[in-house]
1. Tell me which of these residue B:137 doesn't satisfy, since it passes every other one: (1) within 12 Å of chain C (Cβ to nearest Cβ); (2) surrounded by 19 or more Cβ atoms within 10 Å (Cβ to Cβ); (3) free of Cβ contacts under 8 Å to residues at least 60 places away in the same chain.
2. Just to be sure, is residue B:189 assigned to a helix (DSSP H, G or I) and in contact (Cβ under 8 Å) with a residue 40 or more places away in the chain?
3. Considering only the stretch B:187-194, I want to know if a residue exists there that is buried (at least 17 other Cβ atoms within 10 Å of the Cβ), within 25 Å of residue A:87 (Cα to Cα) and under 29 Å from the mean Cα position of the chain (by Cα).
4. Go through the stretch B:215-243 and give me each residue that's in a helix (DSSP H, G or I) and under 16 Å from residue C:214 (Cβ atoms).
5. For the structure I just gave you, tell me whether residue B:286 is at the interface with another protein chain (Cβ under 7 Å from one of its Cβ atoms), without any contact (Cβ under 8 Å) to a residue 24 or more places away in the chain, assigned to a loop (DSSP other than H, G, I, E, B) and over 12 Å from the mean Cα position of the chain (by Cα).
6. Can you name the number of the only condition in (1) more than 11 Å from every other protein chain (Cβ to nearest Cβ); (2) closer than 17 Å to residue B:226 by Cβ that residue C:204 fails?
7. Among the candidates B:163, B:208, B:221, single out the residue that is under 30 Å from residue A:154 (Cα atoms) and in contact (Cβ under 8 Å) with a residue 12 or more places away in the chain.
8. For the stretch B:256-275, indicate whether the set of residues that are more than 20 Å from residue C:122 (Cβ to Cβ), within 15 Å of the chain's Cα centre (by Cα) and either surrounded by fewer than 24 Cβ atoms within 10 Å (Cβ to Cβ) or at pLDDT 90 or above (or both) is non-empty.
């Protein structure tokens with residue numbers, strides 16, 4: 001079990017284009033260690049921006065971000081988090097094993113330790129035996145699993161995920177959802193998960209933060225009290241559907257108009 | 001009316017032995033070119049075809065078999081076979097070209113990396129780098145020869161410098177383009193790892209730029225051979241292909257096929273350099289197979 | 001609403017556009033001034049080099065003194081370059097149009113085109129001299145033409161065939177014939193590639209003409225004059241002639257770039273060609 005991080009966002013705001021576009025406004029959020037929290041909202045509500053602010057990849061225009069007891073900047077330099085994008089972003093010129101080892105190389109791990117960890121990670125995502133393959137030889141789902149393995153390779157306290165399964169088909173997506181929960185249980189890190197899919201958010205999370213568009217703000221937080229471990233059966237549970245409905249209502253209510261759950265994110 | 005349904009294999013798409021098909025095509029085209037040449041020659045000679053001063057005869061357009069045959073004739077009375085002379089000349093020129101390529105590629109790559117990191121230098125130097133390629137380097141060659149002589153360097157080195165001049169430009173341009181081509185998401189990923197500039201350069205940008213680099217290297221390989229041949233002309237160097245060309249040009253009327261044979265060897269040298277680089281590329285660059293529409 | 005930091009950069013206006021353009025060109029201008037100054041200074045310091053590398057002031061002085069002959073020679077060679085450019089580029093585009101039409105032809109011809117582009121074309125200058133006569137500008141024009149042919153051929157071909165399959169499928173769904181597909185999809189797609197190659201060819205044409213003249217040509221030709229000056233160790237004249245060649249080469253390139261700018265602005269297609 002790794003040390004899990006808490007994330008604290010206080011009055012975080014972000015504007016673009018000289019203040020003309022307010023991507024985020026007055027975001028207040030306390031994320032507890034070991035939580036699995038999803039950010040869901042229509043295109044342009046700033047969820048990806050918020051994720052990047054937590055990761056110190058974008059600076060907030062206002063407000064305060066504390067990650068794992070430090071500033072976001074410090075947390076990044078200390079490599080306290082791993083990030084997974086919708087695109088697997090694997091290097092074509094490296095094998096699967098070397099892709100997973102990339103952050104470990106940067107952190108200065110010696111070869112033996114790297115190899116061992118890579119082996120463990122491959123086992124975690126059930127891709128043992130694929131060490132020597134190249135990314136283009138793998139399916140989309142497998143590439144994404146490698147990406148997750150890479151993000152977890154240095155046991156970060158926090159995992160940031162930006163619609164990681166958005167480009168995959170429904171069946172692969174559901175399967176990876178279940179795998180991700182297993183991994184989360186095993187590693188015990190905190191997860192901040194951005195998604196477009198209500199069902200996915202409800203299935204995976206302990207809490208769902210519903211956001212509205214322009215200006216982006218958190219309109220409602222829906223606690224998901226479904227029992228763990230969650231399985232396929234959970235998806236057929238009446239309480240699951242009830243929670244999905246509640247999140248959907250929050251989404252519709254928050255923007256005051258029909259939400260457009262289209263795929264492209266404004267940022 | 002769409003008789004070509006998508007997915008319907010065309011008549012020529014034999015699935016078996018694509019390699020064999022390629023080999024057949026290569027030979028077929030070569031044969032077709034041979035036939036074209038000889039036909040043109042025959043038609044030109046019998047009809048007395050003229051284009052201004054140009055007329056078709058054994059002086060202007062020797063038989064292809066004469067050209068190849070000339071290789072196995074003595075280059076001068078009781079002298080070594082032409083092909084031996086040309087082989088030595090080719091090796092000499094190859095040395096100049098290879099050294100020039102090495103210098104030019106290194107300079108080009110370094111320059112590309114520097115310019116990539118400094119917007120100011122890029123804006124300041126790029127116009128002159130581009131303009132430098134409009135300078136007929138041939139004209140500067142004599143001065144380069146004298147300069148290397150005064151420094152005690154062998155004269156073939158001046159030719160290598162000229163070859164390097166023609167080589168560095170495509171490498172610089174493509175290094176710049178390749179370094180810029182890194183996926184922005186991959187850059188974000190590196191920042192999430194708090195990687196420093198050096199790591200980002202060598203672990204992400206340079207590997208990402210390899211396809212571009214090798215495109216430039218293939219152009220540069222050819223350019224280095226051209227540069228070496230051109231560079232030899234004003235330097236009065238006898239040992240290389242440039243010298244051979246000048247020599248056989250002077251005595252063209254006594255043996256037209258000799259000059260053509262020299263050009264054939266020069267062509268083969270250029271192609272060989274190209275193939276070597278292409279071969280290295282095949283080994284080094286591991287990428288997803290390209291899809292061509 | 002509290003705590004919202006709003007950035008206040010200067011608003012857009014006429015002034016900022018010119019300053020932006022000035023910022024774009026300032027480094028190059030600075031380098032030019034610095035470079036020329038350095039050249040003058042270093043040559044003065046190392047008197048030996050003066051013999052080989054005259055200071056810019058000397059070169060410009062010589063250029064002014066001999067401007068009549070030099071410009072005349074430049075113009076003579078420039079005409080060869082333009083002629084060769086016209087022949088070579090048209091041939092390149094035409095051949096590419098033909099080869100693009102039939103896949104088998106393309107597969108068959110490609111290896112030979114690649115091999116041919118690796119041949120030092122300039123080695124054939126003595127042969128074209130034999131064909132058309134030493135003093136005939138046509139012999140140099142043909143070299144320039146062949147030099148222009150290959151980049152234009154390869155790039156046009158690539159432009160014509162690099163169309164997305166879905167674009168072609170869309171046209172087929174409209175029952176468009178091959179000619180319509182060519183006019184509306186392939187050719188516009190190829191234009192950026194063609195212009196990219198034309199720019200490369202413009203420089204090659206000028207250089208090709210000058211270098212081809214090195215093997216012998218009319219006394220009016222720039223390349224011949226450069227060779228003669230160098231042989232007589234009149235390096236100032238040689239450099240002045242090189243300056244003329246370079247200026248004409250750059251001018252040719254810029255002319256093509258201007259035409260490209262005017263033409264391609266009509267097309268919404270991306271200008272992301274090599």
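1. Condition (3) is where residue B:137 drops out.
2. The answer is no for residue B:189.
3. Scanning the stretch B:187-194 turns up no residue that is buried (at least 17 other Cβ atoms within 10 Å of the Cβ), within 25 Å of residue A:87 (Cα to Cα) and under 29 Å from the mean Cα position of the chain (by Cα).
4. B:226, B:227, B:228, B:229, B:230, B:231, B:232, B:241, B:242, B:243
5. It is true that residue B:286 is at the interface with another protein chain (Cβ under 7 Å from one of its Cβ atoms), without any contact (Cβ under 8 Å) to a residue 24 or more places away in the chain, assigned to a loop (DSSP other than H, G, I, E, B) and over 12 Å from the mean Cα position of the chain (by Cα).
6. (1)
7. None of the other options fit; the residue is B:208.
8. Yes, the conditions are met somewhere in the stretch B:256-275.
The values are calculated or read from the model by the stated rules, or taken from the named source; none is laboratory data. In this text, all values refer to a predicted model and were calculated from it rather than measured experimentally. Because the Cβ atoms are built from the backbone with ideal geometry, glycine has one as well, and the counts that use them run over all protein chains shown.
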